[in-house]
Amino acid sequence: MLTLLKRLLYVPVVILLLVTATFFLIRLAPGGPFSAERDLPEEVEKALNAKFRLDQPMLVQYGAMLKDAVRGDFGPSMKHRERTVRQIIAQHLPPSMILGALAIILALWIGITVGTVSALKANSALDYFGMGVTVLGISLPAFVFGPLLQLLFAMRLDWLPVAGYGAPLQLVLPALTLSLPFAARFARLMRAGMLEVLSEDFIRTARSKGLSERIVVLRHAFRGALIPVVSFLGPAIAAITTGSLVVEKIFNIPGLGREFVESALNRDYTLVMGTTIVYGSFIVICNMLSDLSYALLDPRVRR
Amino acid sequence: MKRNVKHKSPTGLALARMQKHKLGMLGLYLVTIMSIAVVLIPYIVSVSPDETRPWIGAQRPFYSHPDCSVDNAFTVGEAAETTERASASDELVYHVQQQQRVSYRVTVRRGKIHTIQSGAVSTNRLDLTTPGLEAYELMADGSRGRALPGVVILKGEEPPEGLFPQGERVLILDLSSTADSSRVTVGLTDGTVLFITEEHSGSENPAAAIDSITVRGEAVTSVVGLSSGKRRELTVRHWFGTDELGRDLFVRVFYGGRISLLVGIVATLVSLVIGLAYGAVAGYAGGRIDRVMMGIVDILYALPFLFLVILLMVTFGRNIVMLFVALGAVQWLTMARIVRGQVLSLKEMEFVEAARIGGESVFSIVFRQLVPHTLGPVIVYTTLTVPVIIMGESFLAFIGLQVQYHGASLDSWGALINRGVQSLGQNGENIWLLFFPSLAMVLTLFGLNSLGDGLRDCFDPKRSSS
């Protein structure tokens, strides 16, 4: 248990590492936040540099940024100077979170269903078909699957809106796109877990008691079979967060992923830091939790 | 005494099992075919992936057109500058039809023609009676309207009958003239121009010999080549169609595969080398060194690497070497964990003890004795890493960070797919631009994933595919 607690101490270390790397990398990048703005008078640029402390030594900037970040204050955006980074994040985080949550739910639902059916009909044509589809699902990148869905369901059949954000129907295609690879992985994990549990003694006992197959599967086997799926939940949530970068672009969703990419391209130092800290901390915590859950669920890892 | 029992190594047994694994073998075939195609493409097709023919635009698969470049320049005594196939002929005949399209804007004020303008240039007289000239009304959406009568429009005069629609005061004319149609014959030996003759249709003069000529690609209506006595029509067929710049998609898809597979393999090798060395050292050293080394891996594991890769690409200008390192560095962590676990359990075995007693150096024990025994899981994981990296690179290319080399962007599958999505059109008219790169990429990824799964099943028969 002590080692597990020690692992939790890694979280701030990792976040600090991420923040430091981001801070220096983006400042190393050629061009500054104001270099793209034409006709900026020299005095104005000077004033801006002073305002954002860009005229001070790098380490001083770094220290000041850390101090502010701990208080949750990232200052105003360097590109959209009338708004603070906090406001921008507050506006763009919810679409990303709603999309991610929907995708995870969808992935779990599809994955568990397909995996269970595949395991119960192991080595049948249905099972081979299901597993073939899951390999395809893993191999089909979001930026191929997304446009295909758009083409079929929005352009040709005209059932769903092509892109955009606001109406619930506009979330269907992006959530489906985002969930596909994870649904496929969940299905494979579920199938493997179910097969393993079904071969165990307590299942034979349950069957020999005369319980119906339905009860055996749902009451006895299901929970044990779910363990690998649960342990993959952490990395899946983390990967869905980064995956939404592409999905937001395809479906024109005003999410935080797009803000991150654009802020990096614009050299919007403050916004880069803000989005990285928010996204990064979330992913770090997910990754850590999943590592922990491995340790908790599998006694062999606990050392 | 002879023994007839054949002994097979665990790796040999696994490979024997592999041959019975259907999905895995399918994957192996797919990957092999794709790799061979991608490597051989420059030797099979001479068309360059960057050769543009802007006047063609995006065309459907199987579209064919006369074989010519943007400019086909010929000067007597010098090498012919045209497509490779054309310059291999003994004699080349270009049918050229110069089509000029101009639009004029004619306005009327107080019943008289007020202005006749084409762009910023204004004229006083516009003659629509010229032979070969076709005049149409240009509609607001850019399409051609009704055909206009052959009249002469003079500034300051009343507009001719039937030119202007009732009550209209502005008319935009779309004039196209097939002013000149000619036949250019070029004699060639070994790609060098011997003679050039040009013959204008409709003119009484016989074919005139000239010193140099440049045939504009968009004006060419057909190309005929004569090589060793055989006359043949030279056309280019685009199996996968063309993109908006008229570039051949078939060639672009396979050249894109070169980039994608190259990135996938090199970055995987980077991750393999780092992960193998790091994991083997940690596992063999054990104790505190192992704890510290694996602690570092644990910490790095939690980093959102894609964010860092994006930042790296922004900072270091989409350098291809940077991409190898960045993508490889993301993937070595799992490799290190796998190798360390293997080494940890292997190092207590007798053969290691024997090597140690035999006086082998630590380096030799780790890399000669231990690492080869971790081969099975390492092969499996390596195979599964390649598709992950290909996908990662395409992901970056899709969000606009495709690799560049000396300023030119290298269009991998991801970049092609990105372009395909952008030029999809309202109803997906240009779907082949998305379809073919996607198909190539998905087939390859499917192949690699199936192969990796198959190998895993065979190296570790106790575990069913998960």
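Nothing in this text is a laboratory measurement; each read-out follows from the coordinates by a stated rule. Treat the numbers as computed from the prediction; the structure is a model and nothing was measured. All Cβ positions, even for glycine, are placed from backbone atoms using ideal geometry, and neighbour counts span all protein chains on display.
Here is how the numbers come out for the structure above:
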item: A:Phe129 paired with A:Glu45, simple spin-label distance in nm, labels 7 Å along Cα-to-beta-carbon; result: 6.5
item: Simple Cβ-charge dipole of the stretch B:76-238, Lys/Arg +1 and Asp/Glu -1, about Cα centre, in debye nearest 20; result: 720
item: The stretch B:267-339, Rg to Rh (Cα coordinates; Rh as Kirkwood inverse mean 1/r); result: 1.04
item: Kirkwood-Stokes translational diffusion coefficient of the stretch A:92-256, alpha-carbon pairs, 20 °C, 1.002 mPa s, µm²/s; result: 127
item: Gained length - B:Asp190 relative to B:Val362, 0.36 nm times residue gap less alpha-carbon distance; result: 55.6 nm
item: Rounded to 10°, Cα long-axis angle of helix A:256-266 versus longest principal axis of chain A; result: 40
item: Relative exposure of B:Thr385, A:Thr20, judged by other C-beta atoms within 10 Å (fewest first); result: A:Thr20, B:Thr385
item: Only Lys, Arg (+1) and Asp, Glu (-1) charged, at Cβ; the protein assembly as shown dipole about Cα centre in debye; result: 4060
item: Kirkwood hydrodynamic radius of the stretch B:207-335, Cα pairs, Å; result: 20.0
item: The stretch B:442-452 - phi-based ³J(HN,Hα) in whole Hz, Karplus 6.51/-1.76/1.60, Gly and Pro as x; result: 5, 4, 5, 5, 4, x, 5, 5, 5, 4, x
item: FRET efficiency, A:Met97 to B:Ser64 (Cβ-Cβ, R0 41 Å, nearest 0.05); result: 0.20
item: For B:Val236, distant residues with modelled amide H under 5 Å away; result: B:His65, B:Asp67
item: Sparse-neighbourhood loop sites, GluC sites (Glu not before Pro) in the stretch B:306-393 - DSSP loop, at most 14 other Cβ within 10 angstrom; result: B:Glu348
item: Pairwise label distance in nanometres, B:Arg101 with B:Leu154, each label 7 Å out on the Cα-Cβ vector; result: 3.2
item: Rule-of-thumb Rg ratio for the stretch B:76-238 [Cα; 2.2 N^0.38 Å; N residues]; result: 1.41
item: The stretch B:1-81: GluC sites (Glu not before Pro) in DSSP loop, at most 12 other beta carbons within 10 Å; result: B:Glu78
item: Tilt relative to chain B, helix B:305-315 - C-alpha long axis, 0 to 90 degrees, to 10; result: 50
item: Label-point gap, in nm, between A:Phe34 and B:Arg231 - each point 7 angstrom along Cα→Cβ; result: 7.3
item: Extent along principal axes [Cα atoms of chain B; Å; largest to smallest]; result: 109, 58, 38
item: Proximal aspartates and glutamates to A:Lys51, defined as alpha-carbon separation beneath 16 angstrom and excluding residues fewer than eight positions away on the same chain; result: A:Glu42, A:Glu43, A:Asp68, A:Asp73, A:Glu82, A:Asp268
item: Chymotrypsin sites (Phe, Trp or Tyr not before Pro) within the stretch B:46-154: DSSP coil, no more than 14 neighbouring Cβ in 10 Å; result: B:Trp55, B:Phe62
item: Segment B:Leu245-B:Ile289, length gained on full extension (0.36 nm per residue, minus Cα span); result: 10.1 nm
item: In degrees, nearest ten, helix A:172-198 long axis to first principal axis of chain A (Cα); result: 40
item: Estimated FRET transfer efficiency (A:His80, B:Asn124; beta-carbon r; R0 60 Å; 0.05); result: 0.65
item: Hydrodynamic radius of the protein assembly as shown per Kirkwood, over alpha carbon pairs, in Å; result: 31.2
item: Cα Rg, Dmax, chain A, angstrom units; result: 23.9, 86
item: Set of aspartates and glutamates near B:Lys112 by C-alpha distance (under 13 Å), chain-local residues within fewer than 8 positions excluded; result: B:Glu157, B:Glu158, B:Glu161, B:Glu168
item: Sites B:Ala408 and B:Thr221 - FRET efficiency at Förster radius 41 Å, r taken between beta-carbons, to 0.05; result: 0.80
